[in-house]
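What follows is one structure encoded as structure tokens, with my remarks underneath.
The values are calculated or read from the model by the stated rules, or taken from the named source; none is laboratory data. Given the structure is predicted, the values throughout are model-derived calculations rather than measurements. Virtual Cβ from ideal backbone geometry, glycine too; neighbours counted across all protein chains shown. To get the accessible areas, we keep the full protein, side chains included, count just its heavy atoms, and leave off ligands, DNA and RNA. Shrake-Rupley method; radii C 1.70, N 1.55, O 1.52, S 1.80 Å.
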Amino acid sequence: MTQRVYLFARFERFWHWSQAGLIIFMAVTGFEIHGFYTLLGFEPAQELHTIAAWALISLWVFAIFWHATTGEWKQYIPSFDRLFAIMRYYSVDILTGAPHPYKKSRLHKHNPLQRIVYLSLWVLINPALWISGALYYYYNDWGPWGLAPYLKLEYVATAHVVAAFLITTFLVIHVYLITTGHTLFAYIKAMITGWADLDEDSAQES
Ligand code: HEM
């Protein structure tokens, strides 16, 4: 038996989808700047990448504030509870239709693998993107700011591209995993409406 639970707040859904849209847009413009293809033209891609960067950084600031003030940051505290069972589930058991070893609830909506991956995004990949991106953007100010002796543009660019590849890889895997709910669109629907069907035990805990 399942029960409907309000799992994702309005701001959380807004933040999730706008972040997804901005990151896809920044991957499209960024990899054009990098020279992989020509779509919008180099200069428009540069200008649009910069505008989207300010939007994404502002969104992250609001999201950090929201997580800090609502206590939702606790959802990212790492846990190793049944981590190997979950890794086994995603690599083997999912193919046999076995049940998911983790039952999520309102208070524990990320399984341990999600906690580790999302925390790495927050503390490693996102900061790597915005710090390297900001250094890139303010390249002409390195001299006046006294940074020129310590930094090299090629290192900053490499760090930015590596972080861009990592977040794009995350996105591809994430899109696959969100289709693995009890129906193809169950997880996507929950992130649109906020409501998810949970097992009765988890629903009671929620
Ligand atoms: C919010 C943080 C970000 C900031 C501040 C930022 C800023 C920048 C800047 C200033 C450039 C150089 C543009 C130029 O040549 O004038 C750049 C390039 C680039 N960005 Fe971003 N960016 C951010 C996020 C992203 C994201 C999310 C992606 C991909 C998913 C991305 C992918 C790229 C790529 C691939 C390049 C080309 C780098 C190269 O070839 O040297 N960026 N970014």
*asked:* Please list Met87, Met26 from largest to smallest accessible area, probe radius 1.4 Å, with all protein chains kept in place.
replied: Met87, Met26
*Heavy-atom accessible surface of the chain: percent carbon and sulfur, 1.4 Å*: 69 percent
*Degrees, to the nearest 10: 153-177 long Cα axis against longest axis of the chain*: 20 degrees
_Let me understand the chain better: what is its radius of gyration from the alpha carbons, and its Dmax, in angstrom?_
19.6, 65
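As a check on your grasp of the helix formula, calculate [θ] at 222 nm for the chain: sum -39500 (n - 2.57) over DSSP H runs of n ≥ 4, divide by the residue count, round to the nearest 500.
Value at 222 nm, helices only, nearest 500: -20000 deg cm²/dmol.
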*Sequence neighbours fewer than 8 away in the same chain don't count; with that in mind, list the lysines whose C-alpha is under 18 Å from Lys109.*
Lys74, Lys189
*Normalising by the residue count of the chain, find the relative contact order in percent from Cα pairs under 8 Å and 6+ residues apart.*
35 percent
_Å² of accessible area per residue within the chain, as computed with a 1.4 Å probe and no ligands counted_ = 62 Å²
*Determine how large the accessible area of Leu135 is when every protein chain is in place; take a 1.4 Å probe and give Å² rounded to the nearest 10.*
40 Å²
*asked:* With unit charges on the beta carbons (Lys and Arg positive, Asp and Glu negative) and the dipole taken about the Cα centre of the chain, which residue among Val175, Ile33, Tyr139 sits farthest to the positive side?
replied: Val175
*For Gln114, net neighbour charge (Lys/Arg +1, Asp/Glu -1) across residues whose Cβ lies under 13 Å away*: +3
*asked:* Using a 1.4 Å probe on the protein heavy atoms only, what accessible surface does Glu32 show? Give it in Å² to the nearest 10.
replied: 10 Å²
*Can you work out the FRET efficiency for the pair Ala27 and Met1, with r the C-beta to C-beta distance and R0 = 45 Å, to the nearest 0.05?*
0.65
